[in-house]
Amino acid sequence: LLDISWYTESMKAGHPVEILDRHKLQEQQVDELKEVESIVPSYACQRRTTLENHNTVFTDALSLLAENAELSDEDGRGVAFRRAAAVLKALHSPVTDLLQLRGLPCLGGHSLRVIKDVLENGASSEVECTKQSERFKALKVLTGIFGVGAKTAERWIREGIHSLPQLQDSAHTLNRAQQAGLEHYDDLNQPVTKAEGDAIGEIVEKAVMSVLPGAQITLIGGFRRGKLTGHDVDFLITHPEEGREVGLMPKVVSWLESKGFLLYQKTTRNSYLESKDGPARPSSNMDRFERCFSIFKLPEDAKEGTKQTETLTEETPEDTGRLTTPSLVRDEGSESTKRANLKPWRAVRVDLVVSPISQFAFALLGWTGSKLFERELRRWAGHEKAMSLSSHALYDNTQSKYLRASSEEEIFAHLGLEYIPPSERNA
Ligand code: DCT
Ligand code: MG
């Protein structure tokens, strides 16, 4: 009998390896191998994906193609690239040979071609070509405006608008969100740091506590998964007594507005009703909470306040002064950044969501992400368990009833999945 323990161990550790003497194996060993080869499970919500990515050359390439597909109204292709990238993100070592990918799920022919190209030539010609295409560049610039989606960008491009000056010179009237997006374009396209997220958290907490003492605020989105930067900051607000959260958002928004913290906001009311909406409304699950899309005006000193507290505990006194000087902390690369540094504040995208406590666990799970992890959770629920999962509830179609949960752990248990903590949901 060949010793195949090295093989099974490697596979279980997430290092796919090739077994060369396959023909010499006993039947029972072949069965064992089949089981092991399914060890990288096909749903991202069955896998642990930390931020430690050993395959960024490949995942960056695949993510760019995913982004291009999504911006081109080809969501199916987008998801296929996202799934392929997510499988590579979950591996525990760098891929150096195509053979290592044998038996892994979600790697279609197109994705494999891209990986092969990168392995052989150091870059994918399709990716390079996409990056340089006028269309892709224009889509990126235009969708970089808050309030502009792929459809609008596409329409403008067809009219010959490829850049911000061209848009400004055009006769288009922008809506309020887009106007704010254009006005704060540079700030909003600069990544938000965890320190800035924490500074905003303090402001939001002050606002919430002063209008509804006892309410609870949780940082959600990428920062909850441990990311160090993000494109926005997301918060979930609830109150331990069901019903006390009703009408909270307008009060929080008024407080923030009265203190001059908001450059833009649009609030939508909670429109979710279990009895009326029924279980299976996954496509609309993102917008049925009381929700506020906003652009915060974050004073530089508020941010420094947070930095200072952190630095004081971590650095020697001599270092403190240096680290709290914003000009050294911030990237001074571009002209626009230099200009932005002259004003004593910076614009940051902030999303606030209010949930009743009875839906809190579902909201927390649904808003922690990543987007692919969420998508896969819903696909798993529907395809494997005949259940409908949203950010409000979990419905069991077989038993025709809602399954209650007061923690994320309980939801994973209802779904028959091993619990994956937020830091391992970075698919
Ligand atoms: N979400 C989702 N499906 C979407 C959009 C969002 O499931 N189509 C969930 C998952 C993440 C959460 O909402 C917050 O959304 P984003 O802020 O867009 O994601 P993020 O992971 O926080 O990314 P970033 O760090 O760039 O803000
Ligand atoms: Mg976010």
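A few remarks follow.
- Index of the failed condition, THR173 passing every other in (1) loosely packed, with under 14 Cβ neighbours inside 10 Å; (2) within 20 Å of TRP367 (Cβ to Cβ): (2)
- Flag: ARG404 does not match the condition of being among the charged types (D, E, K, R) and within 15 Å of ligand 1 (Cβ to nearest atom).
- Residues of the range 363-390 that are in contact with an Asp or Glu (Cβ under 9 Å, 6 or more places away or on another chain), part of a helix (DSSP H, G or I) and surrounded by fewer than 23 Cβ atoms within 10 Å (Cβ to Cβ): LEU364, TRP367, LYS385.
- When restricted to residues that are of a type in the set (A, V, I, L, M, F, W, C) and either within 16 Å of ligand 2 (Cβ to nearest atom) or buried (at least 20 other Cβ atoms within 10 Å of the Cβ) (or both), the range 263-276 contains 0.
- Residues satisfying the stated conditions in the range 360-380, i.e. near ligand 1 (Cβ under 7 Å from one of its atoms) and over 15 Å from the mean Cα position of the chain (by Cα): none
- Residues located in the range 68-79, provided they are surrounded by 14 or more Cβ atoms within 10 Å (Cβ to Cβ) and touching a residue at least 40 places away in the same chain (Cβ under 8 Å): ASN68, GLU70, LEU71, SER72, VAL79
- Filtered residues of the range 391-409 (kept if among the charged types (D, E, K, R), closer than 22 Å to ARG225 by Cα and buried (at least 16 other Cβ atoms within 10 Å of the Cβ)): GLU408
- Of the numbered criteria (1) part of a loop (DSSP other than H, G, I, E, B); (2) of a type in the set (D, E, K, R); (3) closer than 20 Å to LEU107 by Cα; (4) modelled with pLDDT of 80 or more, the one GLU52 fails is (3).
- Screening the range 212-235 for residues that are under 18 Å from the mean Cα position of the chain (by Cα) and part of a loop (DSSP other than H, G, I, E, B) and picking the one that is nearest to ligand 2 (Cβ to nearest atom) gives ASP232.
- Members of the range 238-262 found to be loosely packed, with under 13 Cβ neighbours inside 10 Å and either small (Gly, Ala, Ser) or assigned to a helix (DSSP H, G or I) (or both), listed by number: GLY243, SER258, GLY260
- Lone unmet requirement of (1) over 17 Å from TRP367 (Cα atoms); (2) in contact with a helix residue (DSSP H, G or I) (Cβ under 9 Å, 6 or more places away or on another chain); (3) more than 16 Å from ligand 2 (Cβ to nearest atom) for VAL246: (2)
- Scan of the range 216-237 for residues that are farther than 19 Å from ILE420 by Cβ, more than 10 Å from ligand 1 (Cβ to nearest atom) and surrounded by fewer than 20 Cβ atoms within 10 Å (Cβ to Cβ), ordered by number: GLN216, ILE217
- Qualifying residue in the range 137-155 (condition: out of contact with any helix residue (DSSP H, G or I) (no Cβ under 9 Å at 6 or more places or on another chain) and farther than 22 Å from LEU188 by Cβ): no
- In summary, helices (runs of 4 or more DSSP H) completely within the range 131-211 and bearing 3 or more residues that are modelled with pLDDT of 95 or more and within 30 Å of PRO240 (Cβ to Cβ) occur at 194-211.
- Check on ALA86, in contact with a strand residue (DSSP E or B) (Cβ under 9 Å, 6 or more places away or on another chain) and in contact (Cβ under 8 Å) with a residue 12 or more places away in the chain: yes
The values are calculated or read from the model by the stated rules, or taken from the named source; none is laboratory data. All values derive from a computational prediction rather than experimental measurement. When we count neighbours, we look across all protein chains shown, and the Cβ atoms used for this are built from the backbone with ideal geometry, even at glycine.
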